[in-house]
Amino acid sequence: MADSVVLDPVDLDILRLLQNDARTTYRDLAAQVGVAPSTCLDRVTRLRRSGVILGHQLRLDPARMGRGLEALLSVQVRPHRRELIGPFVERIRALPESRALFHLTGPDDYLVHVAVTGTADLQRLVIDEFTSRREVARVETRLIFQQWECGPLLPPAPTPVPTSAPPPPSPSASGG
């Protein structure tokens, strides 16, 4: 696991704003977080070098690209051995229908997010690219009706340090 990076409030503001719009200019970004453009550039460069910022992505609408049906495929691989998993992962990542691939714990080994043209295309994909593979023991398909983006990723809030509570009052000796 990678070491976490210490981020101050300005860094967090920069990350929040860039996650909402990665095309924001350094001048606009600097004005919004209250620093000079050169300082803003230095901070973004530091965030890239430290691995906090991994890159920029172009998001496309699968439906407008002719892939209006999205699904999640839960895949169980048996036997779950490294010599089978490597080629499986490479093949699934290379499929034009694959949007994301997750290696999991639990009864399913992988979760694959796919975008296809329709149900016939989904059936073809499942049969030809998944269940036909000797290492795939089971595939379960779930259609995605709707998807929402969530808020920007920020580090967890610091855990408050518990303060010791005063001891409870002792019972009075008078009894009453």
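The values are calculated or read from the model by the stated rules, or taken from the named source; none is laboratory data. Computed from a prediction, not measured in an experiment: that's the story for all the values here. For neighbour counting, all protein chains shown are included, and Cβ atoms are generated from backbone atoms with ideal geometry for every residue, glycine included. Protein only, heavy atoms only, side chains kept; ligands, DNA and RNA dropped before computing areas. Shrake-Rupley method; radii C 1.70, N 1.55, O 1.52, S 1.80 Å.
When the Gaussian network model of the chain links Cα atoms closer than 10 Å, the mean-square fluctuations of Pro87, Pro107, Pro160 top out at Pro160.
Run the dipole for the range 1-112 about the Cα centre, Lys and Arg Cβ at +1, Asp and Glu Cβ at -1, nothing else charged, and hand back the magnitude in debye, nearest 20.
300
The candidates Arg59, Arg78, arranged from most to least accessible area with a 1.4 Å probe in the full protein assembly, appear as Arg59, Arg78.
Calculate how steeply helix 9-20 sits against the longest principal axis of the alpha-carbon atoms of the chain, using the helix alpha-carbon long axis, and give the answer as 0 to 90 degrees to the nearest 10. The angle comes out at about 30 degrees.
Computed across the range 1-86, the Kirkwood hydrodynamic radius from all distinct Cα-Cα pairs reaches 16.4 Å.
Divide the volume of the convex hull around the Cα atoms of the chain by the residue count and you get 271 Å³ per residue.
Summing -39500 (n - 2.57) over the DSSP H runs of n ≥ 4 in the chain and dividing by its residue number, what mean residue ellipticity at 222 nm do you reach, to the nearest 500 deg cm²/dmol?
Dividing the helical sum by the residues of the chain leaves -9000 deg cm²/dmol.
Taking 7 Å steps out from each Cα toward its Cβ at Arg23 and Arg59 produces label points 1.4 nm apart.
Comparing Thr105, Thr159, Thr24 in a Gaussian network model of the chain, where Cα atoms under 10 Å apart are tied by springs, the biggest mean-square fluctuation is seen for Thr159. Computed from backbone phi with θ = phi - 60° and the Karplus coefficients 6.51, -1.76 and 1.60, the 3J(HN,Hα) list for the range 101-107 is 9, 10, 8, 10, 9, x, x Hz; x is used for glycine and proline. All distinct Cα pairs of the range 93-160 go into the 1/r average, and the inverse of that average, the Kirkwood radius, is 14.6 Å. Take the range 51-125 with all the other protein chains still there, run a 1.4 Å probe, and you get 63 Å² of accessible area per residue.
Annotation: Cys150 carries an accessible surface of approximately 120 Å², with a 1.4 Å probe and no ligand, DNA or RNA atoms counted. Between Gly51, Gly106, Gly66, the GNM of the chain built on Cα springs shorter than 10 angstrom shows Gly106 fluctuating the most.
Between helix 82-94 and the chain there is an angle of about 80 degrees, using the helix long axis and the longest principal axis of the Cα atoms. In the assembled protein chains, Ser50 presents an accessible area of approximately 50 Å² (probe radius 1.4 Å).
Taking His56, His80 and ordering them by how much accessible surface each has at a 1.4 Å probe, largest first, produces His56, His80.
When nucleic acids and ligands are ignored and a 1.4 Å probe is applied, Glu70 ends up with an accessible area of around 30 Å².
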